[in-house]
Amino acid sequence: MAEDAHEPDGATDPVREMAREGKRLNRNFSWLAVLGVLLVIGGVVGLVYTGLATLTSMLLFGWLLLIGGVVGLLQAIQSRGTSYFWLAAVVAALNIAAGVVVIRHPEGSAEALTMFAALLFLTGGLFRLVGSVVVRGPQFGWTLLQGAFGLLLGLLVLFDWPDSSRYVLGVFFSLALLFDGLGLIAIGVGGRRIVSMVTPTPVSSPPPEQSESAPDQSNN
């Protein structure tokens, strides 16, 4: 009888473990949604203050280059004596030099990157236009529209350069933050909903008085 009395408690242990795991997953998805909200707020603020967003993105880019160059240089020093030592050292030195230049001259770096982005839009749009006309595949209309949009965007950025360098990179950076934040919010909310659907509710075990009185009633 003692073994029968302990069976309900043992049976609920996996359920309680799943419930605890579900709570932990809910917390993780909640933090993911909070991070998404912060990114969305940052993206909206960046779209309002595009000049500040451009300057911030350039400084972040410069510090990433600088930190990456220092880490690469340390790895190159650790791998001295190997065949790729000089290549790693040169790449690290270039990253450090580029990071220092971007940090010290963020506006000039923004102008150079904006020109590079405009040329990328122009060449990419031109290749899509020519490719869609020559190939005429099943996605002809969509490819033609993408090419025309890229070509038009490149021309707009190029015609307004260097004034466009004050807002183009900031707009791209803010849009990336905005869409990434919306994606994280969707993942967090959807994950919480799925976890709540598949997580069982733990069933409380009966009081000891009821479990002990049950055998006495059966004997009577």
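For the stretch 200-218, indicate whether the set of residues that are farther than 26 Å from Thr50 by Cβ, modelled with pLDDT of 75 or more and open to solvent by less than 50 Å² (accessible area, probe 1.4 Å) is non-empty. No, the conditions are met nowhere in the stretch 200-218.
From the list Gly43, Gly68, the lone residue that is small (Gly, Ala, Ser) and crowded, with 17+ Cβ neighbours inside 10 Å is Gly43. Step by step: first the residues of the stretch 121-162, then only those that are closer than 14 Å to Ala110 by Cα and modelled with pLDDT of 75 or more, then the one that is surrounded by the fewest Cβ atoms within 10 Å (Cβ to Cβ). Which residue is that? Residue satisfying both the conditions and the ranking: Trp161. Filtering the stretch 15-74 to residues that are closer than 16 Å to Gly181 by Cβ and over 19 Å from the mean Cα position of the chain (by Cα) leaves only Val48.
Of the residues in the stretch 165-174, none is out of contact with any strand residue (DSSP E or B) (no Cβ under 8 Å at 6 or more places or on another chain), open to solvent by less than 90 Å² (accessible area, probe 1.4 Å), modelled with pLDDT under 70 and of a type in the set (Phe, Trp, Tyr).
The values are calculated or read from the model by the stated rules, or taken from the named source; none is laboratory data. Predicted model only: the values in this text are computed from it and were never measured. Note that each Cβ is placed from the backbone with ideal geometry, even for glycine, and that neighbours are counted across all protein chains shown. Areas reflect the complete protein model, heavy atoms only, side chains present, ligands, DNA and RNA absent. Shrake-Rupley method; radii C 1.70, N 1.55, O 1.52, S 1.80 Å.
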